[in-house]
1. Condition first: under 22 Å from Q69 (Cα atoms), part of a loop (DSSP other than H, G, I, E, B) and among the β-branched types (V, I, T). Now tell me which residues in the range 1-41 satisfy that.
2. One residue is enough: does the range 347-365 have a residue meeting the conditions at pLDDT below 85 and not in a loop (DSSP other than H, G, I, E, B)?
3. Would the range 129-144 turn up any residue that is surrounded by fewer than 17 Cβ atoms within 10 Å (Cβ to Cβ), in contact with a strand residue (DSSP E or B) (Cβ under 6 Å, 6 or more places away or on another chain) and more than 19 Å from K157 (Cα to Cα)?
4. Since A44 meets every condition but one in (1) under 21 Å from A66 (Cα atoms); (2) open to solvent by less than 60 Å² (accessible area, probe 1.4 Å); (3) part of a loop (DSSP other than H, G, I, E, B), which condition does it not meet?
5. For the range 228-249, which positions are in contact (Cβ under 8 Å) with a residue 60 or more places away in the chain and open to solvent by 30 Å² or more (accessible area, probe 1.4 Å)?
6. Any residue at all in the range 62-69 that is closer than 30 Å to R94 by Cβ, open to solvent by 60 Å² or more (accessible area, probe 1.4 Å) and part of a helix (DSSP H, G or I)?
7. Could you figure out which of (1) open to solvent by 40 Å² or more (accessible area, probe 1.4 Å); (2) of a type in the set (G, A, S); (3) touching a helix residue (DSSP H, G or I) at 6+ places or on another chain (Cβ under 7 Å) isn't true of A115?
Amino acid sequence: ADGVPLGWKAIEQAYSPGSTSAGKTYIRYYSLDGKHKAITSPGAVVKIHAEMCGQSVDAAVAEYKAIVQKRKDKEAHERAVEREAAGLLKGEKREKSIETFRAQFGALDGPTVHAIPGWKTRWDYAPSCGQVHVTYIEPSGQEWKLLKDLEACMGLKIENGENVADLMNAAMCYRDKDTFSQGSVLARAHGTYTHEAAQQGEQIELTKEDKVVERAAKKLKRDLLIEGAYDECSMKGSVMSISDDKSNSAAKSVCKILLRRGFDKRTTLLSLNFESHPESDASKQLNGFYYQLEDSHNEHPIYQKVSEMRSGAAVLFCAGLYVLWNDQRQRWELGSLNQSLHCLAYCDADVGNTPVTGGQDKWRVLRTALSSTV
């Protein structure tokens, strides 16, 4: 080791198999005269040697530290030279080279670097955070994870008189945002994906399985968007049997027609009345009567909207709106029987085996801007 005086030897030894540092090694120092054994550090050796020789311990330690620092400074300089040669800059040099590059070509983005002829792009999916990390790889094997580091490297080449225009112009010509985005889809499907840019702008071909993953990712993104598009809304509801006496003339007329058509007297009818909301007029199409179907859904009753064609016509028509229990989300929903579509309204409060309590229930209603597209 640097600074260790003559008359000493260093022996590298392995930690025992039962040690917490098993597999690693350590160094101990021994004097050649056999008087001093297993000294743990070069600094301790310098102190002992100075005492043995009658020298100033402080002066010997200071000289040793100076030797070590000189070695560290030399290694740091060599690393800095190597980093700069590879285009890995820091501080003001980095910012200056970035400005040089951007002055000619603007800021880099993923699709552009992905299209540099001869380069490779690797997408790595990290399940722990759900993110896909992108690495850009030169033909030499040099990897870039930060676009600004690559801008600094390219800028330094420009400052040194190198021509990067042909490379960048080709990349910008072949740049394809959609093709680049497929890399993330494939990484999520397979864990990692690497693609080499072609000379004439090759397209990434998705397999049938990859397309399934892509559709699932898009659906998840849309689901998250729509889940935040429901507004709280009070709903005044009631539950009645179609054979009960009704004070409401509209309910009385609907029940009379159902009975005439042979429905069981015990058939349940729901009356839903959502309050108006400034962000949504969807409640208008949700209000009305829903009769209980004979079949159940997820071991809960299911109701379909029914309306009289016109007052006094004695003719009913059924709409494609249902009140049903969503077992997966554990809530009552109002919408289509197709569970792949988003519901128009839902209530996740514990209201029991029927969707209304007879009081003011809190529901969440989808805004009109989205309700026609879900």
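1. Listed by number, the residues that qualify are V4, T40.
2. Yes, some residue in the range 347-365 is at pLDDT below 85 and not in a loop (DSSP other than H, G, I, E, B).
3. Yes, there is a match, as at least one residue in the range 129-144 is surrounded by fewer than 17 Cβ atoms within 10 Å (Cβ to Cβ), in contact with a strand residue (DSSP E or B) (Cβ under 6 Å, 6 or more places away or on another chain) and more than 19 Å from K157 (Cα to Cα).
4. Of (1) under 21 Å from A66 (Cα atoms); (2) open to solvent by less than 60 Å² (accessible area, probe 1.4 Å); (3) part of a loop (DSSP other than H, G, I, E, B), only one is false for A44: (3).
5. Result: E232, K236, S238, V239.
6. Yes, the conditions are met somewhere in the range 62-69.
7. (1)
The values are calculated or read from the model by the stated rules, or taken from the named source; none is laboratory data. Model, not experiment: these values are computed from the prediction. Note that each Cβ is placed from the backbone with ideal geometry, even for glycine, and that neighbours are counted across all protein chains shown. For the accessible areas, the whole protein counts, side chains as well, though only heavy atoms, and no ligand, DNA or RNA atoms are used. Shrake-Rupley method; radii C 1.70, N 1.55, O 1.52, S 1.80 Å.
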